Amino acid sequence: MSEIDALLAIDPEDANAKDTRPFVEAFSHFPDQAVQESGINKATVQTDAGKLPLLIIGRKASYLFGTGARLSTLSESEALRLGIEINDVNSRGDSLWELLC
């Protein structure tokens, strides 16, 4: 948040910063996440037509995963099916994409 606020302090009309701020603010309410490496691990997984079968909050799901993706999305209907809380964010996705690139 501080980086976006600093950009807005310099240029309050910065469209990318203004459009991206609500999205970043929505994620700022969650705890920081970290990737921990503990050495080389190997897993064998059987896929279903290339999709990885999962159990999310006790519900079955099956998804394709792209390791090169910068952002993952889930449809609203799928989130509701899985019982995942949805929070509305007033932000333009194209501005967020420009910020990430």
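Taken together, the values in this text are just the output of simple stated rules run on the coordinates, not laboratory data. Only a predicted model underlies this, so the values are computations on that prediction, with no experimental measurement involved. Cβ sites come from the backbone with ideal geometry, for glycine too, and all protein chains shown count toward neighbours.
Just give me the residues in the stretch 28-63 being assigned to a loop (DSSP other than H, G, I, E, B) and touching a Ser or Thr at 6+ places or on another chain (Cβ under 9 Å), in sequence order.
Taking the stretch 28-63 and keeping what is assigned to a loop (DSSP other than H, G, I, E, B), we get 28-47, 49-50, 57-58.
Correct list: 47, 49.
Contact list please: Cβ distance under 6 Å, first residue in the stretch 74-85 and under 18 Å from residue 64 (Cα atoms), second residue of a type outside the set (Lys, Arg), pairs at least six apart or on different chains.
Note: pairs meeting the criteria are 79/86; 82/56; 82/57.
Results for (1) touching a strand residue (DSSP E or B) at 6+ places or on another chain (Cβ under 6 Å); (2) loosely packed, with under 10 Cβ neighbours inside 10 Å; (3) free of Cβ contacts under 8 Å to residues at least 60 places away in the same chain, shown as yes or no for each residue.
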position: 8; (1), (2), (3): no, no, yes
position: 20; (1), (2), (3): no, no, no
position: 39; (1), (2), (3): no, yes, yes
position: 58; (1), (2), (3): no, yes, yes
